[in-house]
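*Asks:* First, the structure itself, so that you have it in front of you.
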Amino acid sequence: MDKRNHLVLSKKPYQDYHFRCCIPKDLEKYFNQKEFRVSLKGHSYPQCKIISNNLYDNAIQIFNKIREGHMSEITLQDVKDILRDKVKQTIQHINHYDNDTNKYDEEVLNERIHQSSEKEKILKERLKTNYTVTVAQIEKEIDRILNSKNLKSDKKNVDYKGLVRKWTDLKLIRETWKKELLEGQVRYEEEYLTELEDNWKIGLLENDSNEVGVITKQPQVTQTQVLKPTIQTTPSVSSPLFSEMYHKHIQRMRDNRRREDTICETIQTYKGVIEL
């Protein structure tokens, strides 16, 4: 959050000063917004400037406490993961540096090698004469990475101190690797890691998986259930016999006051059917 942008003037007709607080990007998920404002109630500009500066400092402290509450302590495993990523970035950097160099021009090639040597000398001199300030700048670079991984930047943590030291070593070694590559000494990534591991002894080349050995994943065989064809059969319904049912129909005819001769004819017809 930039101090220059946290004091703003509201729109007309009720113009007064507001403290505007921009939420850091890594904390937006906890606030569900990108900024908030606090009215300073019509105070003069000098007063509002003092108040907003105090609010700014308080907001920074609150943000840091929120980060600490959701962050984990850095461990040796975190150090190894971060250094591996940094080594890969470093190798990409020196390869770009090498590919961008016109090696067919000996003068240009020697100048590029000289530039790398000078960078290495300057960094060594800064570490020698102004160690605290130089390391503080390196720590800022590391802290940004730790914040993105929700890891605490605890300067008293021994693993944090180790990361700073190795990060510093890598900055110096990078210039040496540049010169070697320009001189035609091409190496695999594993060879660079091996060189660092020989100096650091932190298990940079170890497989940190909990699995022992290599597990070959067998192809999964899915057993398909063979479905037998289902033959739908009409359920057998035991229908009542006609000889048992026609009496009800005759009774219904009598209930409806049908003529007796008609009823008698119907009875004779039903009996004929039954005999069939």
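*Asks:* For GLU190, are the conditions met, namely being in the same structural domain as ARG112 (by TED's automatic domain parsing), surrounded by fewer than 12 Cβ atoms within 10 Å (Cβ to Cβ) and either modelled with pLDDT of 85 or more or in contact with a Cys (Cβ under 8 Å, 6 or more places away or on another chain) (or both)? Lay out the reasoning, then the answer.
*Replies:* On the way: in the same structural domain as ARG112 (by TED's automatic domain parsing): yes; surrounded by fewer than 12 Cβ atoms within 10 Å (Cβ to Cβ): yes; either modelled with pLDDT of 85 or more or in contact with a Cys (Cβ under 8 Å, 6 or more places away or on another chain) (or both): yes.
Yes; evaluated as a whole, the condition is true for this residue.
*Asks:* Also, quick follow-up: Search region 22-62 for residues being hydrophobic (A, V, I, L, M, F, W, C) and touching a Cys at 6+ places or on another chain (Cβ under 9 Å), and hand back the single one that is modelled with the lowest pLDDT.
*Replies:* Residues of region 22-62 hydrophobic (A, V, I, L, M, F, W, C): 22-23, 27, 31, 36, 38, 40, 48, 50-51, 55, 59-60, 62.
Those still in the list that are touching a Cys at 6+ places or on another chain (Cβ under 9 Å) too: 36, 38, 40, 55, 59.
Working: PHE36: 85, VAL38: 85, LEU40: 82, LEU55: 88, ALA59: 87.
My answer is LEU40.
*Asks:* Evaluate the following for LEU172: is it buried (at least 18 other Cβ atoms within 10 Å of the Cβ) and assigned by TED's automatic domain parsing to the domain that holds LYS103? Let's see the steps before the verdict.
*Replies:* Values: buried (at least 18 other Cβ atoms within 10 Å of the Cβ): no; assigned by TED's automatic domain parsing to the domain that holds LYS103: yes.
Criteria not met by LEU172.
*Asks:* Please go through region 66-82 and give me each residue that is among the aliphatic types (A, V, I, L, M) and at pLDDT below 85, ordered by number. Spell out how you get there, then give the answer.
*Replies:* First, the residues of region 66-82 that are among the aliphatic types (A, V, I, L, M): 66, 71, 74, 76, 79, 82.
The answer is ILE66, MET71.
*Asks:* State yes or no: is ARG112 part of a helix (DSSP H, G or I) and within 25 Å of the chain's Cα centre (by Cα)? Full working, then the answer.
*Replies:* Working: part of a helix (DSSP H, G or I): yes; within 25 Å of the chain's Cα centre (by Cα): no.
Here the answer is no, as ARG112 does not meet what is asked.
*Asks:* Condition first: surrounded by 13 or more Cβ atoms within 10 Å (Cβ to Cβ) and among the polar types (S, T, N, Q). Now tell me which residues in region 78-108 satisfy that.
*Replies:* Kept after step one, since they are surrounded by 13 or more Cβ atoms within 10 Å (Cβ to Cβ), are these residues of region 78-108: 78-84, 86-88, 90-91, 93-95, 97-98, 101, 103.
Hits for region 78-108 are THR90, ASN95, THR101.
*Asks:* Which condition number does ILE122 fail, the rest of (1) touching a residue at least 40 places away in the same chain (Cβ under 8 Å); (2) farther than 18 Å from LEU182 by Cα; (3) in a helix (DSSP H, G or I) being met?
*Replies:* (1)
*Asks:* Ok, one more. What number goes with the only condition from (1) more than 28 Å from VAL164 (Cα to Cα); (2) in contact with a Lys or Arg (Cβ under 8 Å, 6 or more places away or on another chain) that LEU27 does not pass?
*Replies:* Tallying (1) more than 28 Å from VAL164 (Cα to Cα); (2) in contact with a Lys or Arg (Cβ under 8 Å, 6 or more places away or on another chain), LEU27 fails exactly one: (1).
The values are calculated or read from the model by the stated rules, or taken from the named source; none is laboratory data. Everything numeric here is computed off the predicted structure, so don't read it as measured data. FYI the Cβ positions are ideal-geometry reconstructions off the backbone, even for glycines, and counts take in every protein chain you see.
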